[in-house]
Amino acid sequence: MYIYNTTFCLEDSVLEAWKSWLDDEYIPFMTAGGAFTDLRIFRVLTENAGDSISISVQFSVGTLVAVDRWRKEQEQLLAASVNRLFGTKVLYFSTVLEVLV
């Protein structure tokens, strides 16, 4: 079992719009294929530059093959959506975590 983690760093000024995008677009986009399940969302408790907040959005995924397939087929669509809607006011990076216990 793996966790697909995307950490978003966003300016406070776009927080409400980002939450709407998360609920209306990102979560349905990620879960549509059935490989990504068990959504968890966390606020990252670190100091950020300026007026910004970091939020970690995590999904469980069963195989690395599913992650690789998503990255090849879907990841660029996510990047385009974030860039189109928020520009540099929302930055993000994704990591894959292996569940050990």
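Some points to look at:
- Hey, Thr88 closer than 21 Å to Val14 by Cα and out of contact with any helix residue (DSSP H, G or I) (no Cβ under 8 Å at 6 or more places or on another chain) or not: yes
- Helices (runs of 4 or more DSSP H) lying entirely in the chain (those with 3 or more residues that are surrounded by fewer than 12 Cβ atoms within 10 Å (Cβ to Cβ) and free of Cβ contacts under 8 Å to residues at least 40 places away in the same chain): 64-73, 75-86
Readers should treat all values here as calculations from the given coordinates under stated rules, not as data from a laboratory. Please read these numbers as outputs of a predicted model, since none were measured by experiment. Glycine gets a Cβ as well: all are built from the backbone with ideal geometry, and neighbour counts include every protein chain shown.
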